[in-house]
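Peer 1: Okay, here's the structure, questions in a sec.
The values are calculated or read from the model by the stated rules, or taken from the named source; none is laboratory data. Just so you know, these numbers come straight off a predicted model, no measurement behind them. Cβ sites come from the backbone with ideal geometry, for glycine too, and all protein chains shown count toward neighbours. In case anyone asks, the SASA skips ligands and DNA or RNA and just uses the protein heavy atoms, side chains included. Shrake-Rupley method; radii C 1.70, N 1.55, O 1.52, S 1.80 Å.
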Amino acid sequence: MEARASLGLLLLLLPLPSGGLGEHHGGAGGASGVSSPQGSVEKQSGHPRSPAAAPGALRPPSARGRSRLGIIGGREAKPHSRPYMVSVQFGGVHACGGALLNRRWVLTAAHCIPKRLQGPGKVVVGLHHLWDHGAATQSFAIRAACPHPDYNRKTMENDLLLLQLSGTVARSRTRRPIALLRREPAAGTACSLAGWGGRREPEAALQELEVAVLDARMCNNSRFWHGGIAPTMICFQGRHRGAVPTKGDSGSPLVCGQPAAVAGVMSFSGPRPGDPLKPPVATSAVGHKKWIQRTLRRGCAARPELPSPSTRPGDRTPGTPQDEPAGTTTSAQP
């Protein structure tokens, strides 16, 4: 029975076409809301290779096999049907998605914090069209950025970040928190993902994608992620041919169940969009629930320095989130 289940998942995975995921070069940053670092994973005999100085040399695990994510093959979401979705932005540019957990905190990916900031960071709640900041939306500066203390930008383990907002979100039809899923989703569980990807046109609307959770053992075998999937990661694939998250979708919540709840946070994917042997991977929120709940209560001690809204972009060294280390992530870049 177990062999048949794994075979069924394998057959479901293989039809996926390529095209959609962006590439990352370098480590993952900490997500305070902007593009995440790019990188990929290269392993030999199951072990990550160390970085080399020569051009074209293999990069660390997160530098070569993982890439950034925008949804391909999905559909436009019904306006405000996902009132928990937020856009994490730097210098006015969308970098990552995120989930509103309560009126003061947002969950996203740790690699979203860029090594070099190009402008002040903010979180926008209540959006449908990315740049339509009308009455349905609220914008907040980032008061504190709390990455998971064990986040590893090379292996992409514990790729989670909690952002404390400078104010309190006013609950409405377009702005509403979402809960964490109670249990880890099993292989075959139907879930969904939404995001704005790397699109920058004013009319860019929130896109959504139906996905299915894959068997972790299959994702870890030598033909797939070759042991690179940790117990606190969730491997998944689009339910329809050609449907994959891509550049700019990092940090977006993987939601499952009825009512929908956060199972994980989009973390990384393979360098080629839709590569059936490198399915997208999310960091489990369920597996980190104690840390999340503790941080929501107490905040965090170590907080990456972020520019305030009054900081001028010229006050900092210009750069893009892609300059960051490790991890083929899915955030967008300015």
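Peer 1: At a 10 angstrom cut-off on C-beta neighbours, averaged per residue, how do the peptides 183-193, 100-110, 231-241, 166-176 rank from highest to lowest?
Peer 2: 100-110, 231-241, 183-193, 166-176
Peer 1: Right, next: Please label the shape of segment 161-295 as rounded, prolate or oblate, based on the square roots a ≥ b ≥ c of the eigenvalues of the alpha-carbon gyration tensor (a/c under 1.5 means rounded; beyond that, a/b larger than b/c means prolate, else oblate).
Peer 2: Oblate shape, in that a/c is at least 1.5 and b/c is the bigger or equal ratio.
Peer 1: Calculate what fraction, in whole %, of the accessible area of segment 149-241 sits on carbon and sulfur atoms when a 1.4 Å probe is rolled over the protein chains.
Peer 2: For segment 149-241, the apolar C and S fraction of the accessible surface comes to 46 percent.
Peer 1: Could you report segment 109-177's accessible area per residue, 1.4 Å probe, as an integer in Å²?
Peer 2: Each residue of segment 109-177 exposes 40 Å² on average to a 1.4 Å probe.
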